Structures are given as C-alpha cells and as structure tokens.
Amino acid sequence: MKILITGNKGFIGQNAIKFFSNHDVSTYDYNEILPNVKSYDWILHFGAISSTTETNVEKIMKQNYDFTCELIDQCTLHTVDLQISSSASVYGLKEEFKETSPVDPRTPYAWSKYMIEQYANKWKYNSSRIQVFRYFNVYGPHEEHKGNQASPYCQFEKQAKVLGKIKVFENSDNYRRDFVHVSEVLEMQKKFFDVEESGLWNIGTGSTKSFLDVAKEMSIKYNAMIEEIPMPENLKHSYQKYTCADLTKLKETIG
C-alpha cells in the first residue's frame, strides 16, 4: 500500500513513519506547493500548526484550514482516501464528548480544526473516504520539540530528570484528561483502512487521569519533588479541566 504522511517532522508524523514502515511510505513537510496525491492509496494528514497558544490567526488559517481544504479537494478529485487529524480541543469547556455534542472552540487552533471538520463533511458521500479523527490527549515518543505544548508525560519527565522536581498547576488533582498513547491512535487509524465510510470519530481511551496523578508517576519513577505553581493568565480562559472521549461511535464502527 502506498501511503503519504504529511507533517512527517511532527510528533505523530514521526511515530507514523515507523508504525507504517511495512508499507511504501512517502513524506511531505509543509510548503507552498501542494503534494501530488494521484499515486497514493492513502494520505495521512498530520501536518498542522498544533500550538493552542498561537495567536496569528492568518497563519493558522493558511496552514491549517486552507491547506487542508485544498488537500481534500485534490483527494476527492483523484479518488484518493484521506485521514485527517482533528482535536478534542473543539469541545472546549463542554463536558459531553460525543461527536454530535455541541462544540466550544476556544483558540484559533481549535477553530481551524472545527472548520476543517465542517468542510470535510461536505464530501461525506464522495467516492473518496475522508475520515476525520478527534484526538484526545496524545502522548509518546518524539514530543520534545513541542516545548510547553508537549503532554504532561513529556514535560514532567523532563523536569524530573533535569530539575529534580515537577511543576504542576495549583488544583491539578481536579484537572482530568483522557490521555492516549500515540501507538493506540495509530493502531485505530490503521483499522480504519478497512472501514468503507467517511465521517468523524473520537480517538481516546474513554477514561481519565489527573495531571497530579501523572506527576506522581514521574515523581516516583525519578525520585523527584512536586511543586505547585499558579496557572498563567493566558491559559485560564481556554484551559480544559476535563476531557473524556465517548467511544460509542468508534466501537460501533470497528468493535
């Protein structure tokens, strides 16, 4: 099978290259020239500005939304199947996480993902499969370059190793997220190669863990202290206190 992976230098893209190494894999890193999709069986689109704190709306719209819409157009034109990474950030501060639940995007990044979902839905009954996945809190190898946008697993491990202490926001025992390992995400997407339909699906574990629980795991592993710090003002308006994927649709689709 011929697969094109976009965002190959990113966190999930790097993992995807290794995961799908038994296939004929090519890669694409974002530039002004759209990739030629004609010869591929699947396009796995992981490329995006993924920072939830990025405030340059024009930049996000150009690279995230406009580019993805053009990619969708090309895939439908040439009957090439496409998988697109979206995000649970579209749910915002809501507490119901079904694909049909009301959304509440709080950042330019989250808005770009939601708008991509809406555009992809227009092609739902096209001959190409356009499968969109709302990732919950993904973690795993190759996160280091994301800096403060990396998962708590990555950030806390680095702090424990370098500083001997882990910094968590105050009340972190009340911040619970659905943390899913990148290998599970890619395994799910692989299963969707055999799903003959387009649509939108959550990908997560369906369970939660607090930020403090993750800090305690790293603290025990590396014999590090835990220090509470105030949450920065720029995060307070958009910080999700709770996420938990409703996997009803996912299970109905792939079991």
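Bear in mind that the values in this text are calculations on the coordinates, not laboratory data. From a predicted model like this one, the values you see are computed outputs, not experimental measurements. Note that we place each Cβ from the backbone using ideal geometry, even for glycine, and neighbour counts take in every protein chain shown.
Overview of results
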read-out: Structure-based [θ]222 nm, the chain - -39500 (n - 2.57) summed over DSSP H runs of at least 4, per residue, nearest 500; value: -9000 deg cm²/dmol
read-out: Above-threshold pairs, the threshold being 32 Å between Cα atoms, out of K59/K251; K165/K251; K2/K221; K62/K236; K18/K209; value: K59/K251; K165/K251; K2/K221
read-out: Using alpha-carbon coordinates, inclination of helix 67-77 to the longest axis of the chain, degrees; value: 30 degrees
read-out: Those GluC sites (Glu not before Pro) in segment 160-255 that DSSP places in a loop and that have at most 11 other beta carbons within 10 Å; value: E170, E196, E197
read-out: Label point 7 Å beyond Cα of M231 along Cβ direction - residues of segment 103-125 with amide nitrogen under 11 Å; value: none
read-out: Between helix 211-222 and the chain: long-axis angle, C-alpha atoms, 0 to 90°, nearest 10; value: 70 degrees
read-out: Taking N as its residue count, the alpha carbon Rg of segment 1-138 over 2.2 N^0.38 Å; value: 1.02
read-out: Geometric extent, Cα atoms of segment 145-255 - Rg, Dmax (angstrom); value: 16.7, 50
read-out: Simple spin-label estimate for S21 and K146 in nanometres, 7 Å along Cα-Cβ; value: 2.2 nm
read-out: Gyration tensor verdict on segment 93-215 (Cα atoms; rounded if a/c is under 1.5, prolate if a/b is larger than b/c, oblate otherwise); value: prolate
read-out: Crossing angle, helix 108-121 versus the chain [Cα axis fit, 0-90 degrees, rounded to tens]; value: 30 degrees
read-out: Residues of segment 103-117 with amide N under 18 Å of a point placed 7 Å along Cα→Cβ from E58; value: 108-109, 112
read-out: For the chain: relative contact order, % (alpha-carbon pairs under 8 angstrom, 6 or more apart); value: 20 percent
read-out: Relative intensity, log₁₀ I(q)/I(0), of the chain from a Debye sum that treats every alpha carbon as a point, q = 0.11, 0.12, 0.15 Å⁻¹; value: -0.59, -0.71, -1.10
